[in-house]
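What follows is a short report on a single structure.
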Amino acid sequence: MSESTVCQAGVEQDAMVQNPDPLVLAFCCNWCAYTAADLAGTSRLQYPPFVRIVRFMCTGMIHPNLIIDALTKGADGVIVCGCHPGDCHYIEGNVRMKSRAEAIELMLEDFGLEPERFRLEWVGASEGVKFAHVMRDMTRQIQDLPPSPYRTD
Ligand code: FES
């Protein structure tokens, strides 16, 4: 019997993953990443069903506490997706998010969380393929970790 199987989402899933049923939150800006997610959907590109999308108008509106809150209330991973540098519809929201991401990465250790549980990616509105790829990659990375120590189920 093969060590890996292909799940319904078209993702090769290793039978030995530590967390087969993770909760991954994708915080997406409205103008680029959410549009890319929509494009992935209308293009029938598949990504794991463990990803839950939360829409923000801009990544610059995402306070670090929201990410830490999510990770300490049971999310196994959080990925923030915004416009490429220079493309933010609010001029420099994504630049602010980049600075905050560096602070969040430092905070994760204080909460006993692996750095792989948080990621920041730039995904343009026309990049549905990239969006699906990034979600598959993030999910695989989270599945290789044990469930969040903050998970209660
Ligand atoms: S509008 Fe997309 S990151 Fe600001």
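Kindly indicate the residue of region 77-95 that is within 16 Å of the ligand (Cβ to nearest atom) and outside any loop (DSSP other than H, G, I, E, B) and also surrounded by the most Cβ atoms within 10 Å (Cβ to Cβ) among those meeting that condition.
Start the filter on region 77-95 by keeping residues that are within 16 Å of the ligand (Cβ to nearest atom), which leaves 78-95.
Narrowing further to those that are outside any loop (DSSP other than H, G, I, E, B): 78-82, 93-95.
Working: 78: 25, 79: 26, 80: 27, 81: 29, 82: 31, 93: 21, 94: 26, 95: 15.
Looking at the filtered set, the residue picked out is 82.
Scan region 105-115 and give yes if some residue there is within 16 Å of the ligand (Cβ to nearest atom) and either crowded, with 19+ Cβ neighbours inside 10 Å or part of a helix (DSSP H, G or I) (or both), otherwise no.
No, region 105-115 contains no residue that is within 16 Å of the ligand (Cβ to nearest atom) and either crowded, with 19+ Cβ neighbours inside 10 Å or part of a helix (DSSP H, G or I) (or both).
With respect to residue 73, determine if the residue is exposed (fewer than 15 other Cβ atoms within 10 Å of the Cβ) and of a type in the set (Lys, Arg).
Yes, satisfied.
Search region 60-80 for residues that are touching a residue at least 24 places away in the same chain (Cβ under 8 Å) and pair each with any residue that is among the basic types (Lys, Arg) and part of a loop (DSSP other than H, G, I, E, B) when their beta-carbon atoms are under 8 Å apart and the residues are at least 6 apart or on different chains.
Sorted first by the residue in region 60-80, then by its partner, the pairs are 74/151; 76/151.
Scan region 23-76 residue by residue and report those that are touching a helix residue (DSSP H, G or I) at 6+ places or on another chain (Cβ under 8 Å), part of a strand (DSSP E or B) and within 15 Å of the ligand (Cβ to nearest atom).
Within region 23-76, 26, 27, 28, 29, 53, 55 meet the criteria.
Coordinate-derived values only; no laboratory data. Bear in mind the structure is a predicted one, so any value in this text is a computation, not a measurement. Note that we place each Cβ from the backbone using ideal geometry, even for glycine, and neighbour counts take in every protein chain shown.
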